[in-house]
1. Tally Lys and Arg at +1 and Asp and Glu at -1 over the other residues with C-beta under 13 Å from the C-beta of residue 240: what net charge comes out?
2. If I model a spin label at residue 290 and residue 435 as a point 7 Å from the Cα along the Cα→Cβ vector, what separation in nanometres do I get?
3. Kindly give Rg over Rh for the chain, based on alpha-carbon atoms, with the Kirkwood expression for the hydrodynamic radius.
4. Which value in nm describes the separation of the simple spin-label points at residue 17 and residue 113, placed 7 Å from the Cα toward the beta carbon?
5. Could you check what % of the DSSP bridge pairs in the chain are antiparallel, to the nearest 5?
6. Per 0.36 nm of contour for each residue apart, how much would the distance between residue 254 and residue 57 grow if the chain were fully extended, relative to their Cα-Cα spacing?
7. Only helical DSSP H runs with n ≥ 4 go in: add -39500 (n - 2.57) per run for the chain, normalise by residue count and round the 222 nm mean residue ellipticity to 500 deg cm²/dmol.
8. Quote the charge dipole size of segment 265-387 about the Cα centre in Debye, to the nearest 20; the model charges only the Cβ of Lys and Arg (+1) and of Asp and Glu (-1).
Amino acid sequence: MSGLGQVAAFAAQTRTADVPQTVQARSALILADCIGAIVGGAAEPDVAALAERQQGAGPALLIGTRETRTSGTAALLNGTAGTTLEMDEGNQFCKGHPGMHTAPAALAAAAALERVSGADLLAAIALGYDVGARVGIATQLRPSMHPHGTWGAICAATAVARLQGADVEQMRHAISLSASLGLSTSRRTMLDGGTVRNVFAGVSGQMGILAGDLIASGFTGDKDGVSQVFGYVVSDSFDDAAFTAQLGDRWEVSRNYFKMHSCCRYNHAALDALAKLQERSQVLDYRDVEKVTVETYVLAVELDDPAPKNVLAGKFSVPFAVATVLVNGSSGVDSFTMPNVVNPEILDLAARVEVVENAEMTALLPNKRPARVTVTLKSGETLSAETETNRGDWSAPYQPEEIRAKYLSLTTRLWQEDAAVRIWDMVMDLESAPSLDPLFAEMAHAPR
């Protein structure tokens, strides 16, 4: 059987009851994290303006509001909101964010179905995440491409097909045809501050909903759209063995990471090292800093613009991230805003942050994400700290209470805190919920 056939059978035939409890629990944590990122992002003016323009009655909630839309539009808008703050989870092995490509589509599809249990939703998210992430692992996208919006359509389509009860043949076509529904994304968008990049995951969710409609209507994919698109179109090779490696034994949700810093993951090693340095030095006043040197791996070195033109570009700049954290004492959402992007003190400091590649650190990818930060003070004293991997990785995880605190900090941008707490608890207990209706109702009434 081909790799696609094996994966399709796994996605269609794995019984919800056979999904390991640890996988269900991890999927619930990922879902809660995604909901937090979506509500936080929905508070941003451009996201709200887009939602106002994308009208159309439907069953699916725009999370963070009381409004509903068609399932496709809801997946688009919720996925866009969840990407905007750069606070959504990810997976270092596929070099992307499967959660935000899967959860919005799964929620939107479930809202249109008559009855979906919490366990069925979590299984669909785990399977959609797994299949799409495996495509990312099995291919090397062209360096000029941004991974968002590429294999993410497969995440969404797999989850939707699963919820709709697809058999093996329908699942194979859902995965195959969704490979052709991805985007030709530009990596430069993240570096140049092109906020179209924030829509990529949302479009994947929308395409996942479309794929479900296509399969239900009798449409088919090509023989193996996955190996064709990801082996010849957006990449020059596709590793079928990697696509199926340890299928059913190694669940990709179990190798994910969570984020606390409101910026690109490639910044995080430097910020984690900086946090160590600050803890060790007790008080580090940015006005005493002469320069900062960041040694790190090659992917992070690309993020070297000291004068980003907008918030998105700031989130993809190591010099700006280091400078705004030193000035503001925080790596949260409020440190990555337009007033900070144009703050002359931050820009002056960012201009004195040097980012250099350490080849030994690059060699540790993808298992490790290291960095060393050296701060030279105006007195001539130097302070240094380093980290081998990002906090929040599967090998150095945040505790659930830390993820919950982040969730509350984001959801209370729009939701009442008591409602946010109830929703967290409901998601954590979703495996035993016979219906999603109470969760959807609680989210609809949560906005202040």
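Derivation of every value follows stated rules applied to the coordinates shown; laboratory data play no part. As the structure is a prediction and not an experimental result, all values here were calculated from the model. Quick reminder, even Gly has a Cβ in these numbers, built from the backbone with ideal geometry, and neighbours come from all protein chains shown.
1. On the way: positive: 134; negative: 224, 239.
With Lys, Arg at +1 and Asp, Glu at -1, the neighbours total -1.
2. That separation, rounded to one decimal, is 6.9 nm.
3. That ratio is 0.97, to two decimals.
4. 1.8 nm
5. Around 75 percent of the beta bridges assigned by DSSP in the chain are antiparallel ones.
6. 67.3 nm
7. Values: 22 runs with 226 residues, N = 448.
Helix-only estimate at 222 nm: -15000 deg cm²/dmol.
8. 220 debye
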